[in-house]
1. Out of the residues in the range 194-246 that are polar (S, T, N, Q) and not in a loop (DSSP other than H, G, I, E, B), which is modelled with the lowest pLDDT?
2. Every residue in the range 178-193 that is open to solvent by less than 50 Å² (accessible area, probe 1.4 Å) and either at pLDDT below 90 or not small (G, A, S) (or both), please.
3. Being open to solvent by 50 Å² or more (accessible area, probe 1.4 Å), part of a loop (DSSP other than H, G, I, E, B) and modelled with pLDDT of 90 or more is true for just one of E293, E274. Which residue is that?
4. If you check every pair at least six apart or on different chains, which have Cβ atoms under 7 Å apart with a residue in the range 13-26 that is open to solvent by 20 Å² or more (accessible area, probe 1.4 Å) first and a residue that is part of a helix (DSSP H, G or I) second?
5. Just checking: which of the strands (runs of 3 or more DSSP E) contained wholly in the range 34-144 hold 2 or more residues that are farther than 23 Å from A3 by Cβ?
6. Filter the range 132-172 down to the residues that are charged (D, E, K, R) and without any contact (Cβ under 8 Å) to a residue 40 or more places away in the chain, then identify the one that is least open to solvent (accessible area, probe 1.4 Å).
7. If I ask for residues that are of a type outside the set (K, R), farther than 23 Å from E174 by Cβ and either modelled with pLDDT of 95 or more or under 19 Å from the mean Cα position of the chain (by Cα) (or both), which ones from the range 309-327 would you list?
8. Looking at the structure I just gave you, is V336 in contact with a helix residue (DSSP H, G or I) (Cβ under 9 Å, 6 or more places away or on another chain), closer than 16 Å to V199 by Cβ and open to solvent by 50 Å² or more (accessible area, probe 1.4 Å)?
Amino acid sequence: MSADKQMERDQHFMRQVLDLALKAHGRTSPNPLVGALVVADDRIIGQGYHRRAGEDHAEIAALRDAGDQTTGATLYTNLEPCCHQGRTPACVDSIIPAGIKRVVIAHADPDPRVDCGGIKRLRDAGIEVVEGVLETEARQLNAAYLKYVTQSLPYVTVKMAMSLDGKIATTTGESKWITCDESRHHVHELRNQTDAILVGIGTVLADDPQLNVRIEVPDIRHPQKIIVDSKARVPNRCRTITREPRTIVAVAPKASPSRISALQEVGAHVEVVEGSSVKVDVTRLMYRLAELEIMNLLVEGGGGVAASLFEAGLVDRVVCFISPMIIGGATAPSPVGGSGVLRLDEAHYLKEVTYEPSGRDLMISGLIDHEGALAEGLTFAE
């Protein structure tokens, strides 16, 4: 078989692997999304995907599905097979004795416990390993995992919902509903794919949001809720505080001990975030959330909280719903508060931007250009 034909064949099966991996979107944290196929004579004889942490890895599921037909077969998987004992045994310890002849992966696993150790083990056992097949697509699929294992930080998506003139509420605070039913459905889909939702105390005091998933989907998963509340002002009895999943309230060191105790009594998990004595240090908070195995974080409310995350360079993705209405009002709030940037070339630019109708609204999403490549060379009229 020619090299071009072989690459075309490998890409064909890797696309199916990525589709399999996506079936567990939002369910595997702190593990990656991984799919696997066992192929013999261009025929799929086994397939599987990692469903959630603690359950079989994709490679093990695919090998089990293939049964006793694995000798001489090719294993396709979007991430380097693990070589360490974690919640489950090392995958290479099952791949090698299965008689697999060839392993095709999209990219290596940057987890320090793996870090090409799995590839080395396979090659040392005489197995051909092919790397880099649909690597870009695979890295996009596991963007949250890759940030989590390389930076010990959650992947942060900021969701905005605003009017055409950039307002998230009227001057009196009314905000239900700026966006349409279709947009709110999209938001619940986002929630169903995330580990936790973060809001500021202002959002809780104004709206007392439930922050749960209210759409009919199989295997529904309500994300954990996080409230940034420097002074521990959140009311003891509000819908945002739940025991399952347990709500995290992040407070500053000078928060009232009696208020902290009151929140703990109603089931909240209070995190005292060191740093500024009067404000929650969002960078320290993000590192702490990663320690709690929160890999995907959706930020839904509070212009002050959003501004702090942007200023700290912690935002990875933005999803913005724009409604075709004009609210007006010089003091009406906008999605991102704070002091803002002084120059346009200091603004936070998006890359890989998509535009999609959402009912009567427009949904714009994109990744933050942390390298500033889009800002380079820009000129602005005097």
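1. Filtering the range 194-246 down to residues polar (S, T, N, Q) leaves 194, 203, 210, 212, 224, 230, 236, 240, 242.
Now restrict to residues that are not in a loop (DSSP other than H, G, I, E, B): 203, 224.
Working: T203: 90, Q224: 95.
Top of the filtered list is T203.
2. Step one: list which residues in the range 178-193 are open to solvent by less than 50 Å² (accessible area, probe 1.4 Å), which gives 178-180, 183, 186-188, 190-192.
Those that are open to solvent by less than 50 Å² (accessible area, probe 1.4 Å) and either at pLDDT below 90 or not small (G, A, S) (or both): I178, T179, C180, H186, V187, H188, L190, R191, N192.
3. Step by step, each of E293, E274 is checked, and only E293 is open to solvent by 50 Å² or more (accessible area, probe 1.4 Å), part of a loop (DSSP other than H, G, I, E, B) and modelled with pLDDT of 90 or more.
4. Sorted first by the residue in the range 13-26, then by its partner, the pairs are L18/E137; L18/A138; L18/L141; L22/L141.
5. Values: elements: 35-40, 43-49, 74-79, 102-107, 128-130.
Passing ranges, in order: 35-40, 43-49.
6. Of everything passing the filter in the range 132-172, E135 is least open to solvent (accessible area, probe 1.4 Å).
7. Narrowing the range 309-327 to residues of a type outside the set (K, R): 309-316, 318-327.
Subset that is farther than 23 Å from E174 by Cβ: 309-316, 318.
Matches in the range 309-327: L309, F310, A312, G313, L314, V315, D316, V318.
8. Values: in contact with a helix residue (DSSP H, G or I) (Cβ under 9 Å, 6 or more places away or on another chain): yes; closer than 16 Å to V199 by Cβ: yes; open to solvent by 50 Å² or more (accessible area, probe 1.4 Å): yes.
Criteria met by V336.
The values are calculated or read from the model by the stated rules, or taken from the named source; none is laboratory data. Values in this document were obtained by computation on a predicted structure and should not be read as measured data. All Cβ positions, even for glycine, are placed from backbone atoms using ideal geometry, and neighbour counts span all protein chains on display. Each accessible area value is taken on the protein alone, full model and side chains, heavy atoms only, with ligands, DNA and RNA left out. Shrake-Rupley method; radii C 1.70, N 1.55, O 1.52, S 1.80 Å.
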